[in-house]
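Read through the structure below, which is laid out as structure tokens, and then see the notes.
The values are calculated or read from the model by the stated rules, or taken from the named source; none is laboratory data. Not measured: the values here are computed from a predicted model. We place every Cβ from the backbone using ideal geometry, glycine too, and count neighbours over all the protein chains shown. Surface accessibility is based on the protein's heavy atoms, side chains included, excluding ligands, DNA and RNA. Shrake-Rupley method; radii C 1.70, N 1.55, O 1.52, S 1.80 Å.
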Amino acid sequence: MPLLHASAATEYDRFAGGRERALRLLERAFVTPGTSASAEVVTVAEVEGRVAAVLAAFPVQETADRAAAFLRLSLRTVPVWRWPGALWLYRASARATPSPPNSALYVDSLATAPELRRRGAARALLADAERSARELGL
């Protein structure tokens, strides 16, 4: 989860109320189907047996449902007094998110471990995402 967190650490930390809470939230999201950070949409690249990079991607038409599922999970795990801020960030994020065509694959997160950068891990993940998009007719 640390690499997924690294893809948008500031936003995750603000949303959850700190780094540790954000990491716990991402762990829950990973094992919960249907979120924007679920295992079914996260791909991992290894270099020399170590996790080098992660990528979360899904068809654009799933974006709203996956974001809403992440929000619902978040609201169950963060303190009630954080809800207004979390909802504000959710809405702000929705406004800032690009609007690619429905026929596209949306890359939500991509991060590479600093010590394993420039080894082709992110390139391999993006190539895999492109193959997946073609297979899905996107």
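Some notes on this structure:
- For P114, the test of being open to solvent by 50 Å² or more (accessible area, probe 1.4 Å), at pLDDT 85 or above, farther than 12 Å from F15 by Cα and out of contact with any Lys or Arg (no Cβ under 8 Å at 6 or more places or on another chain) is passed.
- Unmet criterion (only one of (1) open to solvent by 80 Å² or more (accessible area, probe 1.4 Å); (2) acidic (D, E); (3) closer than 22 Å to L126 by Cβ) for D65: (3)
- Members of segment 10-27 found to be part of a helix (DSSP H, G or I) and more than 30 Å from S103 (Cβ to Cβ), listed by number: T10, D13, R14, A16, R19, E20, R21, A22, L23, R24, L25, E27
- Scanning segment 73-91 for residues that are surrounded by 12 or more Cβ atoms within 10 Å (Cβ to Cβ) and either part of a helix (DSSP H, G or I) or under 17 Å from the mean Cα position of the chain (by Cα) (or both) yields L73, S74, L75, T77, R82, W83, G85, A86, L87, W88, L89, Y90.
- Number of positions in segment 92-111 that are more than 21 Å from M1 (Cα to Cα) and open to solvent by 30 Å² or more (accessible area, probe 1.4 Å): 11
- Residues of segment 1-36 that are in contact with a strand residue (DSSP E or B) (Cβ under 6 Å, 6 or more places away or on another chain) and under 18 Å from R66 (Cα atoms): L4, S7, S36.
- Options A22, A56: the member that is modelled with pLDDT under 95 and under 17 Å from A6 (Cβ atoms): A22
- Filtering segment 28-57 to residues that are surrounded by 15 or more Cβ atoms within 10 Å (Cβ to Cβ) and either free of Cβ contacts under 8 Å to residues at least 12 places away in the same chain or outside any strand (DSSP E or B) (or both) leaves R28, A29, F30, T32, G34, T35, S36, A37, S38, V41.
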